[in-house]
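Data block below; observations after.
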Amino acid sequence: MMPVDPTSDIHHDAAGWAIWLQAGAPFDPGRQSELLAWLDADPRHGDALSACLDLDAALDQMRTGSWAEGLIAEVEAELEEAEGGSVPRHAGSVVRPFAGLGWRSVALAASVLLFLAVTPFLVGSFLVGAPTPPAEQVVAEAFSTGRGEMQTRVLADGSTVTLNTASRIEVSFSDYERRIALPQGEALFEVTHDPSRPFIVAAGGYEVRAIGTAFNVYTRDDGRTMVTVVEGIVQAHDTVAPASPALLHAGDQVELAPGTPLPAPLRVDADLAVAWRSGRLVFDGRRLADVVDEFRRYGDITVEFADADVAEIAVSGVFDPRDSEAFFAALDRMGPVGIERGADRIQLYSTNE
């Protein structure tokens with residue numbers, strides 16, 4: 001592994017990493033380790049890489065947008081008209097390249113020159129106010145699952161999405177971006193690389209942008225959104241209270257709440273976090289209240305807690321989400337939880353004296 005040079009130019013290094021990430025090269029564990037070491041060396045590195053990736057996406061849109069082609073054509077026409085006029089050229093005189101142009105032509109020419117001159121060294125700046133190219137809609141569809149159901153879909157770009165129980169996504173692909181709304185439920189995204197069209201998932205007041213990756217997004221009923229990165233890197237930023245986006249890499253999990261600061265990510269076993277895809281729920285010290293909420297997603301069960309302490313009991317184990325009876329039987333055996341079954345509800349209480 002290459003040593004991290006703390007004295008190197010941050011923006012220059014960030015530009016190099018952004019190019020590598022956007023190139024869509026085959027997964028390279030050694031190179032990935034170097035990137036993680038660079039990100040961990042200084043918190044400014046993640047901010048610089050995020051800014052560079054944002055800039056790269058904006059430039060891709062600018063380069064491919066019809067508005068840019070029209071602007072260039074208009075400037076060329078203005079220049080041709082000016083060159084056809086009479087511009088004195090005396091020996092020893094200083095020739096001003098835009099002398100024959102009006103103020104509008106100069107402004108247009110300057111805009112094009114600025115567009116062409118933008119480099120990765122400007123990654124610290126946002127293109128605030130940059131023209132938004134008109135998006136040509138090419139795909140607009142929605143998919144959903146019922147309670148206890150799961151399904152996998154291949155999207156128009158070749159990306160794969162697996163929907164968990166009681167989930168819904170709304171797909172809106174254009175020439176400039178691939179956008180998916182997740183208003184409810186949970187989905188695992190395995191994204192096909194396409195640097196010219198960012199892949200963005202909007203959920204719970206946040207946007208999560210993929211960078212050639214696989215990641216899981218879970219929109220909870222309480223408004224919180226859980227993002228788990230399985231492979232690659234994603235950016236997450238708050239659309240309600242804009243701030244610097246968080247850069248998450250494989251094995252990171254973050255719980256997002258609209259309008260609150262982005263928390264530091266937790267390191268988790270990503271494979272266990274998406275074990276639901278193979279019909280398993282894996283818990284490692286989860287609150288009983290949260291575990292019960294997970295089972296409610298898969299079946300119509302009514303559970304009450306006799307006291308607050310019971311809800312906080314830690315639960316570990318592997319369970320079938322569609323077999324809540326087996327879970328409650330195991331809970332009854334483990335103690336210190338007692339179970340009282342009624343005609344239409346289950347009550348959990350503490351057996352501790």
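The values are calculated or read from the model by the stated rules, or taken from the named source; none is laboratory data. Computed from a prediction, not measured in an experiment: that's the story for all the values here. No Cβ is skipped: glycine too gets one built from the backbone with ideal geometry, and neighbour counts run over all protein chains shown. These accessible areas exclude ligands, DNA and RNA; they are computed on the full protein's heavy atoms, side chains included. Shrake-Rupley method; radii C 1.70, N 1.55, O 1.52, S 1.80 Å.
Points to keep in mind about this one:
- Segment 140-188 - Kirkwood radius from inverse mean 1/r over Cα pairs (Å): 10.9 Å
- Cα-derived Rg to Rh of segment 144-289, Kirkwood definition: 0.93
- Shape metrics for segment 162-227, restricted to C-alpha atoms - Rg then Dmax, Å: 11.4, 35
- According to the Cα-based calculation, Rg over Rh for segment 231-353 is 1.05, with Rh computed by the Kirkwood formula.
- The Kirkwood radius of segment 305-353, taken over pairs of alpha-carbon atoms, gives through the Stokes-Einstein law at 37 °C and 0.692 mPa s a diffusion coefficient of 285 µm² s⁻¹.
- For the set Thr225, Thr152, the ranking by accessible area, highest first and with no ligand, DNA or RNA atoms included, is Thr152, Thr225 under a 1.4 Å probe.
- Figure note: Asp13, Asp332 ranked by solvent-accessible area, largest first, 1.4 Å probe, ligands and nucleic acids not counted: Asp332, Asp13.
- Computed label-point distance, nm, for sites Gln151 and Ser316 using a 7 Å Cα→Cβ extension: 3.8 nm
- Relative packing of peptides 168-174, 305-311 - highest average C-beta neighbours within 10 Å first: 168-174, 305-311
- Solvent-accessible surface (1.4 angstrom probe) belonging to Ser144, in square angstrom, nearest 10: 60 Å²
- Nitroxide proxy distance, nm - points 7 Å out along Cα→Cβ at Arg224 and Asp344: 3.0 nm
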